[in-house]
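A.B. asks: Have a look at the structure that comes next, please.
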Amino acid sequence: MAVDWFGLAVLGAAALGMVNILDSYLISRRMPSFRAFLLLMGTIMLVYGLVALYLFPLPEGVGTRPLVAAVISAVFRMASATTMLYTLRTEEVSRVVPVFHVYPVFVAIMAVPLMGEVLGYLQWVAIAIVVIGAVMVSAKWNHGGIVTWLNRPFFLLFGAGLMMAVADVASKYALRDISFWNMYWVTALCLSGIFLLITLRPQVLRELGNMKRRSSSMGLLALNETLAVTGLILTFWAMANGPVSLVSTVTGSRPIFVLVFAFILSRFWSGLLFEEQSSKGTMALRLIATAMIVGGIAIIYLA
């Protein structure tokens, strides 16, 4: 029985959408510094990665090229994720995540010549619709009737999206010879090693020692990283069974989940996110963007 890569990609996008919300809250409200957040995240990832390594060793006879591709994927994924997390310190999560998700276009452009994937006309149209809709979610209509966008952060996130595209294509190459579990622990160990190397400092440890609401913050961080593990494994699983260009496009629907989850949680959890007064124009833009993303995803599914 064939694995439904489409359903896996949607579930992965939903899980990672919640991760983006919790990342924003933890970085901006709970963690004493960005480096402290990376240190804790790296420690949890190291534990998960070692457990996965023990349970799912590499297959016998695997060559060096898939492993090199997996490491390249991990490094680019780390650089991309760190750039996005850095931007979340000052910008609203509902605007950061959409701009980041222009990357499926880059994935499609790379995957067709490098991976030999073939996309039909409707699939290219669907990719364009999803990406445009994702970027539109980041727009804001101010009281003067002018649409504003992220400025300097836009270019940072654009670069982060390009790095994520390289990571996805490298992951697909590696997944031809290793399992999605192998791909996960290679990624987790590489990311945790780099995070710990750049953040394990006496000053950061002192910051964590003096952190307020430590128990609740650590519990929330543990939940967040468990969701991140789930989302990443589902995404790699989808990539192993489907074309990476379309899997990346489906996971590019994450802004919709961020928007929906943020709206729901803000009604029950006061202070979870940045307070944002949305004008009627902004809400109209986001409704149109939502319809575009849902429509693009539907085209991919039906095609």
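Nothing in this text is a laboratory measurement; each read-out follows from the coordinates by a stated rule. The model shown is predicted, which means the values in this text are computed figures rather than measured ones. Counting neighbours? That spans all protein chains shown, and the Cβs are built from the backbone with ideal geometry, glycine included.
A.B. asks: What are the ³J(HN,Hα) couplings of region 188-199, residue after residue, when phi is run through the Karplus curve with 6.51, -1.76, 1.60 and θ = phi - 60°? Round to Hz, x for glycine and proline.
C.D. replies: 4, 5, 5, 5, 5, x, 5, 4, 5, 5, 8, 10
A.B. asks: Let me ask something else. So how do 160-173, 190-203, 33-46, 219-232 stack up, highest first, on mean other-Cβ count within 10 Å?
C.D. replies: 160-173, 33-46, 219-232, 190-203
A.B. asks: From the alpha carbon gyration tensor of region 157-279, can you work out the equivalent ellipsoid semi-axes (sqrt of 5 times each eigenvalue) and give them in Å, largest to smallest?
C.D. replies: 29, 23, 14
A.B. asks: Next up: Convert 20 °C to kelvin, take the viscosity as 1.002 mPa s, use the Kirkwood radius over C-alpha pairs of region 34-76 as Rh, and evaluate the Stokes-Einstein diffusion coefficient in µm²/s, rounded to a whole number.
C.D. replies: Result for D is 175 µm²/s.
A.B. asks: For Phe158 paired with Leu197, estimate the spin-label separation in nm (one decimal), with each label point 7 Å from Cα along the Cα-to-Cβ line.
C.D. replies: With each label placed 7 Å out from Cα toward Cβ, I get 3.0 nm.
A.B. asks: Can you tell me the order of 59-65, 123-129 when each peptide is scored by its average per-residue count of other Cβ atoms within 10 angstrom, highest first?
C.D. replies: Highest to lowest by the protection proxy: 123-129, 59-65.
A.B. asks: Among 115-121, 289-295, what's the highest-first ranking by average C-beta atoms within 10 angstrom per residue? Don't skip to the answer; put the middle values down first.
C.D. replies: On the way: 115-121: 12.3, 289-295: 18.3.
Ranking, from highest mean packing down: 289-295, 115-121.
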